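The values are calculated or read from the model by the stated rules, or taken from the named source; none is laboratory data. Please read these numbers as outputs of a predicted model, since none were measured by experiment. Here the Cβ positions follow ideal geometry from the backbone for every residue, glycine too, while neighbour counts run over all protein chains shown.
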């Protein structure tokens, strides 16, 4: 399956080619800028020192900014499972959206359709596991919120892009906001580690604060109806379901 993309190359990448086998993650981002044109300029301006491999515009057009086999600068300080600095192992896809700072909005149908086609192509080409389709907030929960709670993770998972839990909605709603014991909170955090969230909180972050960031990132991904950083029974049930898929 061929996909039409428009070349708009960025100078912000490592000059040495990588082995295709190094590529094992896809990381979704939103641009987080008021104007799409400003986001494209930033991603292709040498002074900004940031880039991604692809950008999906508001109208669904896909821009190729950095060829797949070069390391783009999109993940920053990041970790997942036992991997750190995920730029070297990933393909970054930016999706045009003003983000939380500038009137965060839903992603357009055209964007999601293009993103699905592009992701499926990359998954097949590089044999990427569904467990390794991630958001920026998954790999850097203390710094990032993107692609955010309006990103259609559940829909994408149904189309075999990424993962989702299989807990019935009525069970989840019944357990939302139900407090859990301290032991359950500890088990929830352990489940996050099993899923892949990093055990290594940044040196500057207090442990409890970092766990709060992780909880919010988890909620944006798997419980977008309520993002409050608080561990409740609904979150615990979802985390248990996802952790079982890993082991």
Scanning for something over 21 Å from residue 97 (Cα atoms), part of a helix (DSSP H, G or I) and free of Cβ contacts under 8 Å to residues at least 24 places away in the same chain, does region 227-241 turn up at least one residue? no
Residue 137, sole failed condition from (1) out of contact with any strand residue (DSSP E or B) (no Cβ under 9 Å at 6 or more places or on another chain); (2) closer than 18 Å to residue 81 by Cα; (3) in a loop (DSSP other than H, G, I, E, B): (3)
With respect to the numbered conditions (1) over 27 Å from residue 30 (Cβ atoms); (2) under 17 Å from the mean Cα position of the chain (by Cα), which one is the sole condition not fulfilled by residue 171? (2)
Do we have residue 160 as within 18 Å of residue 32 (Cα to Cα), over 10 Å from the mean Cα position of the chain (by Cα) and part of a loop (DSSP other than H, G, I, E, B) here? no
Lone unmet requirement of (1) more than 22 Å from residue 81 (Cα to Cα); (2) in the same structural domain as residue 93 (by TED's automatic domain parsing) for residue 178: (2)
Being surrounded by 23 or more Cβ atoms within 10 Å (Cβ to Cβ), within 18 Å of the chain's Cα centre (by Cα), free of Cβ contacts under 8 Å to residues at least 60 places away in the same chain and outside the structural domain of residue 220 (by TED's automatic domain parsing) is the requirement here; does residue 85 meet it? no
Determine if region 192-202 includes at least one residue that is surrounded by fewer than 18 Cβ atoms within 10 Å (Cβ to Cβ) and over 19 Å from residue 243 (Cα atoms). yes
Whether any residue in region 94-114 is under 22 Å from residue 19 (Cβ atoms) and modelled with pLDDT of 95 or more is what I want to check. no
Residue 146 outside any helix (DSSP H, G or I), without any contact (Cβ under 8 Å) to a residue 60 or more places away in the chain and closer than 21 Å to residue 162 by Cα: no
If the requirement is being crowded, with 17+ Cβ neighbours inside 10 Å, in contact with a helix residue (DSSP H, G or I) (Cβ under 6 Å, 6 or more places away or on another chain) and at pLDDT 95 or above, which of these qualifies: 79, 90, 51? 51
List every residue pair whose Cβ atoms lie under 6 Å apart, where the two residues are 6 or more positions apart in sequence or sit on different chains, the first residue falls within region 197-211 and is in a helix (DSSP H, G or I), and the second residue, located anywhere, is modelled with pLDDT of 85 or more. 210/142; 211/189
Enumeration of residues in region 6-41 that are farther than 19 Å from residue 75 by Cα, in contact (Cβ under 8 Å) with a residue 60 or more places away in the chain and not in a helix (DSSP H, G or I): 34
Hey, residue 158 hits all of (1) out of contact with any strand residue (DSSP E or B) (no Cβ under 9 Å at 6 or more places or on another chain); (2) in contact (Cβ under 8 Å) with a residue 24 or more places away in the chain but one; which does it fall short on? (2)
From 55, 63, 69, residue being in a loop (DSSP other than H, G, I, E, B) and in contact (Cβ under 8 Å) with a residue 12 or more places away in the chain: 69
